[in-house]
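The values are calculated or read from the model by the stated rules, or taken from the named source; none is laboratory data. Bear in mind that the values here come from a model prediction, so they are computed numbers and not experimental data. Neighbour counts run over all protein chains shown; Cβ positions are idealised from the backbone, glycine included. Quick note on the areas: whole protein, heavy atoms, side chains included, nothing else; ligands and nucleic acids left out. Shrake-Rupley method; radii C 1.70, N 1.55, O 1.52, S 1.80 Å.
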Amino acid sequence: MIDVLTNYEIQIRLIIYLVILVIMMFWEQLSPRRTPAISRFIHYSNNIFLLIFNNVIMRIFFPAVTIGISYLSSEAEWGLLNMIDLPSWIEIILAIIILDIIIYMQHVIFHRVPILWRFHMVHHTDPEYDMTTGSRFHPIEILLSLGIKTISIMVFGIPVIAVVLFEIILSSSAMFNHGNIHLPKKLDAVIRWFIVTPDMHRIHHSQDHIEFNQNFGFFLSCWDRIFRTYQESPSIDHRHMLIGLPEYADPRDIVWLSGMLMLPFRKRQTQ
Ligand SMILES: [Zn+2]
């Protein structure tokens with residue numbers, strides 16, 4: 001299974017991404033949580049072009065870095081999980097939990113450190129909130145994230161299978177929890193005890209300065225509860241709450257791909 005996952009990693013990830021994309025596209029069309037203010041086609045296409053741009057850049061300059069480092073760590077017996085003897089399924093679950101808490105902490109740090117916020121704000125300037133928002137990140141943030149992930153794999157000895165599974169889990173859950181989809185309230189309440197739901201993470205995209213420093217989780221919902229950054233519901237209801245950053249309103253900066261790429265380098269704004 002490890003060989004299949006690593007040899008066909010790109011193909012497997014692409015197929016899973018496309019399947020979830022189609023499911024979410026229909027779901028957002030049939031049962032939207034909010035009424036989109038800008039053309040769905042323009043919004044989808046610009047955000048997806050940014051995702052494609054990021055993936056092409058990473059594949060050209062840093063192909064399979066995380067998988068390579070994971071193999072190297074395993075061979076050299078680097079990292080915590082390579083030093084202790086555990087059944088492989090426990091090791092995989094532990095590795096996924098470790099990677100998820102690191103993503104949570106990384107997200108908090110990207111909000112707290114001004115220079116990092118300038119790149120992360122590309123994600124937050126999205127005036128809409130739908131499945132494509134989940135993959136809307138500036139290439140520099142993707143690059144920094146790759147560096148953090150690579151160090152984490154070495155320090156914790158994350159096995160290859162967990163590296164690939166976590167990438168699939170993270171991109172799938174980001175599409176789901178950024179979805180402009182309606183989930184029945186009771187179902188949402190049950191799911192969010194385990195994983196982040198759209199109604200939980202949407203609060204993080206509020207224009208309210210307190211709310212956008214809450215609900216940082218991307219997959220497991222427990223970290224926000226443990227570290228007291230959890231907010232159950234927004235101050236204005238989900239249908240009417242304001243999304244994005246009020247200081248950025250020009251569609252050329254926040255909707256179009258070229259604007260998103262240049263945004264961190266424009267005149268300094270305060271968080
Ligand atoms: Zn954020």
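Observations
- The number of residues in the range 36-47 that are touching a residue at least 12 places away in the same chain (Cβ under 8 Å) and open to solvent by 40 Å² or more (accessible area, probe 1.4 Å) comes to 5.
- Restricting the range 193-213 to residues that are more than 13 Å from M241 (Cβ to Cβ) and open to solvent by 10 Å² or more (accessible area, probe 1.4 Å), the residue that is nearest to the ligand (Cβ to nearest atom): N213
- Filter pass, F49 being within 16 Å of the ligand (Cβ to nearest atom), farther than 18 Å from M154 by Cα and assigned to a helix (DSSP H, G or I): no
- The numbered conditions (1) more than 15 Å from the chain's Cα centre (by Cα); (2) within 30 Å of Y71 (Cβ to Cβ); (3) buried (at least 16 other Cβ atoms within 10 Å of the Cβ) are all true for I151 except (3).
- Of the residues making up the range 60-71, those that are open to solvent by 60 Å² or more (accessible area, probe 1.4 Å) and free of Cβ contacts under 8 Å to residues at least 12 places away in the same chain number 3.
- Filter result for H209 (farther than 24 Å from M105 by Cβ and assigned to a loop (DSSP other than H, G, I, E, B)): no
- Conditions (1) closer than 30 Å to A76 by Cα; (2) open to solvent by 10 Å² or more (accessible area, probe 1.4 Å); (3) more than 16 Å from the ligand (Cβ to nearest atom): number failed by F176: (1)
- Any chance V163 is surrounded by fewer than 17 Cβ atoms within 10 Å (Cβ to Cβ) and in a helix (DSSP H, G or I): no
- The condition (being closer than 23 Å to T35 by Cβ and in contact with a strand residue (DSSP E or B) (Cβ under 9 Å, 6 or more places away or on another chain)) is satisfied by just one residue among F212, F219, F194: F212.
- Helices (runs of 4 or more DSSP H) wholly inside the range 216-271 that include at least 1 residues being modelled with pLDDT of 95 or more and open to solvent by 30 Å² or more (accessible area, probe 1.4 Å): 222-226, 257-262
- Only a single item in (1) in a loop (DSSP other than H, G, I, E, B); (2) open to solvent by 30 Å² or more (accessible area, probe 1.4 Å) is not met by I142, and it is number (1).
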